[in-house]
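Structure first, commentary second.
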Amino acid sequence: MLISRIRNRLASAVLACLCVMPALAERPNIIVILTDDQGYKDVGFNGSQDIPTPNIDRIAHEGALFTRGYVTHPVCGPSRAGLMTGRYQARFGFGRNPTLNPAVEHASIPLEETTLAEALDPAGYANLAVGKWHLGSHPTRYPRKRGFDEFFGFLSGGHDYFPENLTLQDMSEVKGHGDWYRTKILHNGERIEIDDYLTDELSNAAVEFIHRRKDELFFIYLAYNAPHTPMQATEKYLSRFENIQDKTRRTYAAMVSAVDDGVGRVLQALEDNGLANNTMVFFLSDNGGPSSNGSNNAPLRGGKGNYFEGGVRVPFAMRWTGTIPAGLIYDKPISSLDIFATAVAHAGPGAKIDKHLDGVDLVPYLTGANDGVPHKYLFWRGFKNSSQTVLSMDSKLIIHPRKYAQPMLFDLGSDQAETTNLSDKDSVQLIELTKQHELWNAPNIETTFPGLGAWFQDRNK
Ligand code: CA
């Protein structure tokens, strides 16, 4: 891998001499910090009153705060598949949370798709995945088989946070639904014991990698499972929130605060190594907050699992000091799909782009070089083609909302909380948005693999 990286770097350097391409020093490191089930309001930069997040806020205040940053699905796995490929996951049948059964090889991002790590590898990037994967449990689909050089984390869709709870050697010891939360942490190819609260361990892994590989270009996918259930926090973080009476909310606040400490340490590691200006840092949640973890999506309607704004519009910010302006508040809709497109656009000529990308390079929009609209439309498709949804700037249509008989059309410009259904009043827009969704959805495919509950059900047969 090292030899091929050097070779690729030389090839990149030669190309850089021949063409007008970004020189090696100008290509940024890339860090994507992803939280899990964090509510829209539960960051300082979106107005949280009870959970201070000064470090996460730095990303927004020293860069761009996206007031309308969307993910591609309101639950974990499909949202991550879209982010990791830069393509709507419905293109390749990733429409639900995949089973964690390691025998089901295809319950993953298909090998024909290119992950962001696979795209950056030939451009000479050292790639680290930390934390939650949930993009394939078969050994051929582990992070290190999908472009990452190193992995410190777990394959499941959530995890216990206390080291003493992590007693299962691997997936072969999983006997029932949720047991996978207690598998030992996977460090590259080995199961290891950890000493500290899981969120701190994940932060440690990212910080250690920055110090160790500071002289290389790197990409870090730092996928915290916090503040996803189970609700577990240490006294160090709980003690910061003695003013919060509700126990679930208090634990949630502590879990978010642990992430915030970790983000602070990551930013400090960049500064310690002189990398602050040469690193693109994204922060977002993978979907809206559910009711189970005490999250707050205000002022948005709905949450995790549905297609109201609270399900798919998330806390989202990006910093690239010296390149995009500090303190920018960007109000046009952008997508987690844009992370891939933005990263590869600035990674140099070696980056592998072999598929149509559904995202755009955000940088020209943030510098003001392009005052247009990043996305004329954004689209969503639920499991089994349910809840088809389309957004065109302020106009949003949910064609078959679950539990509701009629389509729902909202004007987000005047009705951010989606209180007034306009589908009876604006048939022109209803027809136009439906048509656009049909055009987008035509080549998409049905989900190709069993869901999260299937493994346990199979074992009980
Ligand atoms: Ca999630």
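Derivation of every value follows stated rules applied to the coordinates shown; laboratory data play no part. Everything numeric in this text was worked out from a predicted model, so none of it was measured. Cβ coordinates were reconstructed from backbone atoms using ideal geometry, including for glycine residues, and neighbour counts include every protein chain displayed.
Observations on the structure shown:
- Among beta bridges from DSSP that stay inside the chain, the antiparallel ones total about 45%.
- Sequence-distant residues sharing a close amide H with PHE148 (under 5 Å, placed H): none
- In the chain, helical runs assigned H by DSSP with n ≥ 4 each contribute -39500 (n - 2.57); averaged across all residues and rounded to the nearest 500, the mean residue ellipticity at 222 nm is -8000 deg cm²/dmol.
- Put a plus charge on the Cβ of each Lys and Arg, a minus charge on the Cβ of each Asp and Glu, and nothing anywhere else: the dipole of region 296-430 about its Cα centre is then about 540 debye.
- You can think of it this way: the chain between GLU112 and ILE329 has 74.4 nm of extra reach, that is 0.36 nm per residue less the Cα-Cα gap.
- Per-residue Cβ neighbour rank within 10 angstrom, fewest leading, THR279, THR229: THR229, THR279
- Shape category assigned to the chain from the gyration tensor of Cα positions, a/c cut at 1.5: rounded
- Loop GluC sites (Glu not before Pro), region 368-457 (other Cβ atoms within 10 Å of the site Cβ: 11 or fewer; DSSP): GLU446
- Here the relative contact order of the chain, from alpha carbon pairs under 8 Å that lie six or more residues apart, stands at 26 percent.
- Residues in region 94-125 reached by a label modelled at HIS356 [backbone nitrogen below 19 Å; 7 Å Cα→Cβ]: 94-95, 110, 112-115
- Note on region 308-461: antiparallel DSSP beta bridges, both residues inside, total approximately 100 percent of the bridges counted.
- Reach of LYS425 by Cα under 26 Å, taken over lysines that are not fewer than 8 positions away in the same chain: LYS332, LYS376, LYS396, LYS403, LYS435
- Between TYR404 and ASP170, the modelled labels are 4.7 nm apart [label points 7 Å from Cα along Cα→Cβ].
- For region 38-43, 3J(HN,Hα) per residue [Karplus equation, 6.51 cos²θ - 1.76 cosθ + 1.60, θ = phi - 60°, Hz, x = Gly/Pro]: 8, x, 4, 8, 8, 9
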